[in-house]
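The values are calculated or read from the model by the stated rules, or taken from the named source; none is laboratory data. A quick note: this is a predicted structure, and the numbers were derived from the prediction, not measured. For neighbour counting, all protein chains shown are included, and Cβ atoms are generated from backbone atoms with ideal geometry for every residue, glycine included.
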Amino acid sequence: MDKQLLLLISLQELDIFRKEKKNEEKVGFEIDNIKKMKEARAKIVSQLKDHIYRKYTRLIKRYGNAVVPVVNNACQGCYLVLPTQMISSDQLNESIVTCPNCGRILYWTD
């Protein structure tokens, strides 16, 4: 799997986890390790290429999730069935691929 793609998936998972923890904190639960999560996020962001991170943040603002899996040959962000040319490649997950409809970053699961 492409390193940048793997970093994006990790970043999104961390962002989702942080958002859940912030919501828990709002209702009165005391949350440990917020500082460690911020440090981990900063480390991931520092390893991403600038243009990829900008795309990620733009997609997060627009949709709430920027990186989505492909299941049954369909983008799980907008549910568009992807063109055969995209799904028949031997190079799946070897580069950053975006959905032709919604623009989200795609990854294929086994």
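With the structure loaded, tell me whether Gly103 is buried (at least 16 other Cβ atoms within 10 Å of the Cβ), out of contact with any Cys (no Cβ under 7 Å at 6 or more places or on another chain) and part of a loop (DSSP other than H, G, I, E, B) or whether it fails that test.
Here the answer is yes, as Gly103 does meet what is asked.
So Gln91 clears everything in (1) at negative phi; (2) outside any helix (DSSP H, G or I); (3) surrounded by 14 or more Cβ atoms within 10 Å (Cβ to Cβ) except one condition, right? Which one?
Going through (1) at negative phi; (2) outside any helix (DSSP H, G or I); (3) surrounded by 14 or more Cβ atoms within 10 Å (Cβ to Cβ) one by one, Gln91 breaks only (3).
Please identify the pairs in which a residue from the stretch 92-110 that is in contact (Cβ under 8 Å) with a residue 60 or more places away in the chain and under 11 Å from Leu8 (Cβ atoms) has its Cβ atom under 8 Å from the Cβ atom of a residue that is assigned to a loop (DSSP other than H, G, I, E, B) and among the small types (Gly, Ala, Ser), counting only partners at least 6 apart or on another chain.
Matching pairs, first to second residue: Ile105/Ala66.
Please list, ordered by first then second residue, the pairs with beta carbon atoms under 8 Å, 6 or more apart or interchain, first in the stretch 61-78 and surrounded by 15 or more Cβ atoms within 10 Å (Cβ to Cβ), second among the small types (Gly, Ala, Ser).
Matching pairs, first to second residue: Asn65/Gly77; Val68/Gly77.
Considering only residues that are of a type outside the set (Lys, Arg) and loosely packed, with under 14 Cβ neighbours inside 10 Å, look in the stretch 32-46 and name the one that is nearest to Lys3 (Cα to Cα).
Among those residues, the one meeting the criterion is Ser46.
If the requirement is being in contact with a helix residue (DSSP H, G or I) (Cβ under 6 Å, 6 or more places away or on another chain) and either among the small types (Gly, Ala, Ser) or at pLDDT 95 or above (or both), which of these qualifies: Ala74, Ala66, Ala42?
On inspection, the qualifying residue turns out to be Ala66.
Residue-wise test of (1) in contact (Cβ under 8 Å) with a residue 40 or more places away in the chain; (2) over 12 Å from Tyr107 (Cβ atoms); (3) among the basic types (Lys, Arg).
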position: Asp2; (1), (2), (3): yes, no, no
position: Gly28; (1), (2), (3): no, yes, no
position: Asn33; (1), (2), (3): no, yes, no
position: Lys38; (1), (2), (3): no, yes, yes
position: Arg41; (1), (2), (3): no, yes, yes
position: Arg58; (1), (2), (3): no, yes, yes
